[in-house]
Amino acid sequence: MEKYEHEYNAEQIQVLEGLEAVRKRPGMYIGSVSIRGLHHLVYEIVDNCVDEALAGYCTQINIKLEPGNIVSVEDNGRGIPVDIHPKTKISAAETVYTKLHAGGKFGGDSGYKVSGGLHGVGASVVNALSEWTEVTIQRDGGIYQMKFNRGKTVESLTKIGESNKTGTKVRFLADGTIFETLDYDFDTLEERFREIAFLTKGLKIIIEDLRQEPNKKSEFHFEGGVNSFVEYLNKNKEKINTKPIYIEKDGEVPTEIAIQYTTAYSENIYTFVNNINTIEGGTHLEGFKRGLTKAFNDYARSHNILKEKDSNLQGEDIREGITAVVSVKVREPQFEGQTKTKLGNSNVTGIVSTLVNDALATFLEENPSVAKAILEKCISASRAREAARKARELVRRKSALESTTLPGKLADCSSKNAEECEIYIVEGDSAGGSAKQGRDRKFQAILPLWGKMLNVEKSRADKIYNNEKLQPVILAVGAGIGNDFDITKIRYGKVIIMADADVDGAHIRTLLLTFFFRYMRPLIENGNVYLAQPPLYKLSKKGMQDIYCYTDEDLENSFKELAEKGIARDSVSIQRYKGLGEMNPEQLWDTTMNPESRILIRVKLEDAVKADQTFTMLMGDEIGPRRQFIEENAKYVRNLDI
Ligand code: 28F
């Protein structure tokens, strides 16, 4: 320990050790030191502003990305208290910035902290991981400021002026020796702040990117709260109830819910606890589903829509086509699950289900035409489910008769070790033929697709089971679909879509991705889905080894390299590949299938909200947005991140 630190009192030394721990193992506090961890710093600071908004004192947050990757966050709340703590002899504000978990300590009992990131570690962690931090507070008639370097106080809180306003402003430069990058992604931050604004009714959030010209600026302010969120999610869908059903209640577990049915078949329920997206669901989601199922069944019974002989509608029937946002505030949330995004607090289930049941019962009584429209859809969903069950059984029985569960067109691999196995899904028989001959049959299986295209956005499960194009895919992957999908049963570690680099290829790619997204989502979440990347060009010249180019940029670079070797552009012949079928088996192996030399793009699911919107738009009815998307994204297919 350095000498001067002995001059501080014991408590102070502990503080310094605390923040040293953060710098030693940053991943423990912010997850990682990648761009995700970097963004986490911003979220931690903004969360403190949101807490102040939830307490009822802050109406606006301004976030700026300044040149040099400095982040500035400002709120118009009460300002962090500046009075001196009698025990530590330092100001409350400095304590918040230098004491590990100061936020958490003030939480729970005092009830102050309800918002907060996954790690909920607060401002001191941001301070510890920043080259410098500067905090300016307006409060009690004054302007106060303090400064830190890598978590250590450089200037204690000092009054630097007078002011009759209140608020807190923090500027920091993340530590470049800790983070892999300091290059914040505006779109990612913007998306998160939009979400926070939806979840915090009335709060205005402004984010600006001043790092380059032209500057960017987005402003989010939703008086409708989660209602506006649901309208945003459904903006490209055809609605059944034009105005979302809104449920709100304060109390032990403050809850805000919006529900809107669409004519689509998928179920989109987004749940949040203290503004954190609980991707794995949990007790609040259970409560919501329970209340929803009960309210609709009770209404259907009492209005004789379900007759005495009819069995109850099942939850999944009632959730067909639903878009809902469920936001709860829980004082001491217990997060469980693989990614700690599943709410565990067991009292929440009953509270939410009672609220949803009561509120919906009232709503349905008061809005009989909406009730009727939704129930009609539920009933036809229930019939379709029954048909799907029969179709599924038929598929099972048929495959049992054929004594193999595998489709006839599949050229399977010899290995049975799913981890090393790959399946190439190929459109067209000629490309399928080349792929079959070119592959390494030990671990590579080929499934050529044929038959009529089905738009899964517009079809229910029974049609999908029976579709001649998708059925072989389901059987080959071997893990079922929908609620029955079981990722532990997949027969291949890599599911690779191989399609031409043209419009038809893009179509089949989109169709299959939509299918995987809607019916085998864990496959995407788990990172098992890939896109093969066939070359666009071949350069050849007598006596020179052929060069394959995968993009136009690749092509230009190759020409440059050749020029350096004294080979002129017009002395080489360029072949532009229009389809996979133009390649012979060896070429296909060398360029697209050989693990040593191929390029595979792994399909990631970073943001389910975005993916849902994209698929709805790409496969849905509205033509305008689709055309716009294709025009905007045509050039960027290489970085496909759904
Ligand atoms: C740009 C970042 O951090 N804003 C904050 C407050 C307001 C209070 C507070 C914060 C409670 C007991 C410490 C004020 N007056 N923006 C921010 N605004 N923290 S952080 O209190 C924190 C603890 O002492 C605040 C009365 N109660 C709370």
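In this simple spin-label approximation, residue 20 and residue 372 carry label points 7 Å from Cα along the Cα→Cβ vector, and these lie 7.5 nm apart.
Please state the shape class of region 321-455: rounded when a/c is under 1.5, otherwise prolate if a/b exceeds b/c and oblate if not, all from the C-alpha gyration tensor. Please list the in-between numbers first.
Working: a/c = 3.09, a/b = 1.84, b/c = 1.68.
Prolate shape, in that a/c is at least 1.5 and a/b is the bigger ratio.
Measure nothing fancy, just the Cα-based angle from helix 608-619's long axis to the longest principal axis of the chain, in degrees from 0 to 90, nearest 10. Between the helix axis and the principal axis of the chain, the angle is about 40 degrees. In terms of overall dimensions, region 240-295 has a Cα radius of gyration and Dmax of 12.1, 35 angstrom.
Taking R0 as 56 Å, what FRET efficiency do you get between residue 235 and residue 541 from their Cβ-Cβ distance, rounded to the nearest 0.05? Kindly include the intermediate steps, with their values, before the conclusion.
Details: r = 53 Å, r/R0 = 0.94.
Calculated value: 0.60.
Please report the base-10 log of the normalised intensity I(q)/I(0) for region 399-489, using a Debye sum with one equal scatterer per alpha carbon and no solvent, at each q in 0.18 (1/Å). Taking Cα atoms of region 399-489 as identical point scatterers yields -0.89. Loop only per DSSP, at most 10 neighbouring Cβ atoms within 10 Å: give me the GluC sites (Glu not before Pro) in region 252-360, ordered by residue number. The qualifying sites are 308.
State, as an integer percentage, the relative contact order of region 460-572 based on alpha-carbon contacts under 8 Å between residues 6 or more apart. The partial results should precede the final answer.
Working: 99 pairs, mean separation 19.1, N = 113.
Answer for region 460-572 is 17 percent.
Equivalent-ellipsoid semi-axes for region 125-167 (Cα gyration tensor, √(5λ), whole Å, largest first): 23, 10, 6.
With Cα atoms as the point set, region 211-262 shows a radius of gyration and Dmax of 15.5, 48 Å. Annotation: extensible slack from residue 66 through residue 215 equals 52.6 nm (criterion: 0.36 nm per residue apart, minus Cα-Cα distance).
Relative to the current alpha-carbon distance between residue 347 and residue 32, full extension at 0.36 nm per residue lengthens the span by 110.2 nm. Translational diffusion of region 262-386 was estimated from the Stokes-Einstein equation, with Rh taken as the Kirkwood radius over Cα pairs; at 20 °C and 1.002 mPa s the coefficient is 140 µm²/s.
Work out the P(r) tail for region 517-581: percent of alpha carbon pairs separated by more than 15 Å, whole number. Value for region 517-581: 60 percent of Cα pairs lie more than 15 Å apart.
Going from the residue with the fewest nearby Cβ atoms within 10 Å to the one with the most, 205, 305 rank 305, 205.
If you rank 341, 362, 262 by fewest surrounding Cβ atoms within 10 Å, what's the result?
Numbers: 341 18, 362 12, 262 22.
Taking fewest neighbouring Cβ atoms as first place, the list is 362, 341, 262.
The ranking of 434, 311 from fewest to most other beta carbons within 10 Å of each one's beta carbon is 311, 434. In the frame of its principal axes, region 453-521 has Cα extents of 34, 27, 19 Å, reported largest first. When only DSSP loop residues count, what GluC sites (Glu not before Pro) in region 155-245 have their Cβ near at most 14 other Cβ atoms within 10 Å? Those satisfying the criteria are 180, 223, 238. Compared with the alpha-carbon gap, the fully stretched path from residue 573 to residue 521 is longer by 14.3 nm at 0.36 nm per residue. Applying a threshold of 18 Å to the alpha-carbon distances of 201/329; 89/159; 99/147; 243/342 flags 243/342 as lying beyond it.
Its relative contact order, with pairs defined as Cα atoms under 8 Å and 6+ residues apart, puts the chain at 9 percent. With θ taken as phi - 60° and the Karplus curve 6.51 cos²θ - 1.76 cosθ + 1.60 applied, the whole-hertz 3J(HN,Hα) list for region 462-473 is 5, 5, 5, 4, 8, 6, 5, 7, 8, 3, x, 5 Hz, x standing for glycine and proline. The lysines whose alpha-carbon is closer than 22 Å to the alpha-carbon of residue 463, local same-chain residues fewer than 8 away aside, are 237, 377, 390, 398, 409, 452. For the cross-link pairs 24/64; 416/489; 235/610; 169/204, the ones whose C-alpha atoms lie over 21 Å apart are 24/64. Over the chain, the Kirkwood radius and the radius of gyration, each from Cα atoms, give a ratio Rg/Rh of 1.02. Between the beta carbons of residue 600 and residue 354, assuming R0 = 60 Å, the FRET efficiency works out to 0.75 to the nearest 0.05.
With a simple spin-label model that places each label point 7 Å from the Cα along the Cα-to-Cβ direction, the separation between residue 165 and residue 484 comes to 6.2 nm. Between residue 156 and residue 183, the modelled labels are 4.3 nm apart [label points 7 Å from Cα along Cα→Cβ]. The C-alpha atoms of region 469-577 occupy a region whose extents along the principal axes are 60, 25, 20 Å, arranged from largest to smallest.
Using amide H atoms built 1.01 Å from N in the peptide plane, name the residues 5+ places from residue 282, or on other chains, whose amide H lies under 5 Å from its own. Amide H to amide H, under 5 Å and 5 or more residues apart or across chains, residue 282 pairs with 343.
Give the residue list of trypsin sites (Lys or Arg not before Pro) in region 210-263 that are DSSP loop and have at most 14 other beta-carbon atoms within 10 angstrom. The partial results should precede the final answer.
Working: sites: 211, 216, 217, 235, 237, 239, 249; in loops: 211, 235, 237.
Here the trypsin sites (Lys or Arg not before Pro) that fit, given the DSSP loop and packing criteria, are 235.
Relative contact order of region 535-631: 21 percent, from C-alpha pairs under 8 Å at least 6 residues apart in sequence.
Read-outs throughout are calculated quantities, based only on the coordinates presented, and are distinct from any laboratory measurement. Keep in mind that this is a model prediction, so the values were computed, not measured. No Cβ is skipped: glycine too gets one built from the backbone with ideal geometry, and neighbour counts run over all protein chains shown.
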